[in-house]
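Visitor: Please see the structure below; I have some questions.
The values are calculated or read from the model by the stated rules, or taken from the named source; none is laboratory data. Note that this is a predicted model, so its numbers are computed, not measured. Neighbour counts are summed over all protein chains in view; Cβ atoms, including those assigned to glycine, are modelled from backbone coordinates with ideal geometry.
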Amino acid sequence: MDLKQLAYFTAIVDEGSISAAAKKLHISQPPLSTQMKSLESELGTVLFERGLRSITLTDAGKLMYQRSKTILDMASVTKMEVDNLGSRMGGTLRIGMVSSSATKHTTEQLTHFREEYPDVNFQIYEGNTFQLLDMLKTNQTDLALVRSPFPEDGFICHKYKEEYMVAAGIYGDLEKDAPIEAIGEKPFILYRRWENLARQFFESRGMTLRIACMADNAWTCLAMARTGMGMALLPESFVTGVSDIRVWRLREEELRNQLMLVRRDDRYISNITKIFFDKFEL
């Protein structure tokens, strides 16, 4: 098994057929088929069923596709890092970011850092906190910008100011200082990771949480709230500066969280990664 075979395999999956992949790779179809048969023979399993016009992945093929993408991505990044070793202040920074961290201030920080270090380029990976921490553990990223709470063992964390959650929506019938009881009568749009937190909070006050929508992305929650579907439960910093939606601050201790920039405590990091980790502020 080599990188070329993995690249061929992922191209076939991405294109949907061996003939389409051969065309994209600018090679003829027979040697591509031969490479796949050799890969399957080495693995001792069938990766995909061949159809007249398309392929269908087996369970082994689905797993192989995921692993191949990860391996090829890491190989690409490694090559870039080695190529950039000659420049002490250059290189690639691979950063995992939860969607709720993509605020105006955060993006400005990235821009300012690159202005100061123009030979640096970023690779941004998105996911929820636990997905990004797994990527950090498996060396797919160098740093992760995530939200508490999570087990901090094995990580070095820069903890930023704790913040309250807010309810964001377009309801005109609620006063700016409406109590939680009035806000809680509205349907809610939840970032999926905070479902249990929200349910526990409302139940502790004898209230019923009405969920209109759940999503895995804070921007999706905000977009849904803009349509009037419900109240989006979001970190306060995420909606700071957003002018087309109303915000109700929920000054409840249970509804607080914290952004953290995280790296592993048992892994060598490049000089430019350490500089970024030390300089990044929120």
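Visitor: Filter the stretch 251-265 for residues that are within 13 Å of E163 (Cβ to Cβ) and of a type outside the set (S, T, N, Q); which is surrounded by the fewest Cβ atoms within 10 Å (Cβ to Cβ)?
Guide: Applying the filter and picking the extreme gives E253.
Visitor: Mind checking which helices (runs of 4 or more DSSP H) fall wholly inside the stretch 160-226 and carry at least 3 residues that are β-branched (V, I, T) and at pLDDT 95 or above?
Guide: Result: empty, no element qualifies.
Visitor: From F201, F130, F122, F150, grab the single residue that is farther than 21 Å from R256 by Cα and hydrophobic (A, V, I, L, M, F, W, C).
Guide: Only one candidate qualifies: F122.
Visitor: Looking at the stretch 125-159, which of the residues that are of a type in the set (S, T, Y) and outside any loop (DSSP other than H, G, I, E, B) is nearest to M97 (Cα to Cα)?
Guide: Checked the stretch 125-159; the qualifying residue nearest to M97 (Cα to Cα) is Y125.
Listed here are the residues, each with its yes/no results for (1) exposed (fewer than 15 other Cβ atoms within 10 Å of the Cβ); (2) in contact (Cβ under 8 Å) with a residue 60 or more places away in the chain; (3) closer than 30 Å to I95 by Cβ.
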residue	(1), (2), (3)
K4	yes, no, yes
L39	no, no, no
L43	yes, no, no
T56	yes, no, no
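Visitor: Do you know which residues across the stretch 39-67 are assigned to a helix (DSSP H, G or I) and more than 25 Å from T138 (Cβ to Cβ)?
Guide: Result: E40, S41.
Visitor: Another question, if that's okay. Which one of F155, F188, F113, F122 is farther than 15 Å from S270 by Cβ, in contact with a strand residue (DSSP E or B) (Cβ under 9 Å, 6 or more places away or on another chain) and in the same structural domain as R264 (by TED's automatic domain parsing)?
Guide: Exactly one of F155, F188, F113, F122 is farther than 15 Å from S270 by Cβ, in contact with a strand residue (DSSP E or B) (Cβ under 9 Å, 6 or more places away or on another chain) and in the same structural domain as R264 (by TED's automatic domain parsing), namely F155.
Visitor: Would a scan of the stretch 168-188 turn up a residue that is surrounded by fewer than 16 Cβ atoms within 10 Å (Cβ to Cβ) and under 30 Å from Y125 (Cβ atoms)?
Guide: No, the stretch 168-188 has no match at all.
Visitor: Still on this structure, please answer the following. Consider M36 carefully, then state whether it is modelled with pLDDT under 95 and in a loop (DSSP other than H, G, I, E, B).
Guide: Spelling it out, it is not the case that M36 is modelled with pLDDT under 95 and in a loop (DSSP other than H, G, I, E, B).
Visitor: Which is in contact (Cβ under 8 Å) with a residue 60 or more places away in the chain and either under 30 Å from K69 (Cα atoms) or touching a Pro at 6+ places or on another chain (Cβ under 8 Å) (or both), of I156, I183, I170, I124?
Guide: Step by step, each of I156, I183, I170, I124 is checked, and only I156 is in contact (Cβ under 8 Å) with a residue 60 or more places away in the chain and either under 30 Å from K69 (Cα atoms) or touching a Pro at 6+ places or on another chain (Cβ under 8 Å) (or both).
Visitor: For H105, indicate whether it is surrounded by fewer than 20 Cβ atoms within 10 Å (Cβ to Cβ), in a helix (DSSP H, G or I) and at pLDDT 90 or above.
Guide: no
Visitor: State all residues of the stretch 248-271 that are outside any loop (DSSP other than H, G, I, E, B) and either closer than 20 Å to T129 by Cα or in contact with a Ser or Thr (Cβ under 9 Å, 6 or more places away or on another chain) (or both); if no residue qualifies, say none.
Guide: E254, L255, R256, N257, L259, M260, L261, V262, R263, R264
Visitor: For the stretch 226-241, which positions are more than 17 Å from E195 (Cβ to Cβ) and of a type outside the set (S, T, N, Q)?
Guide: Answer for the stretch 226-241, where residues must be more than 17 Å from E195 (Cβ to Cβ) and of a type outside the set (S, T, N, Q): R226, G228, E236, F238, V239, G241.
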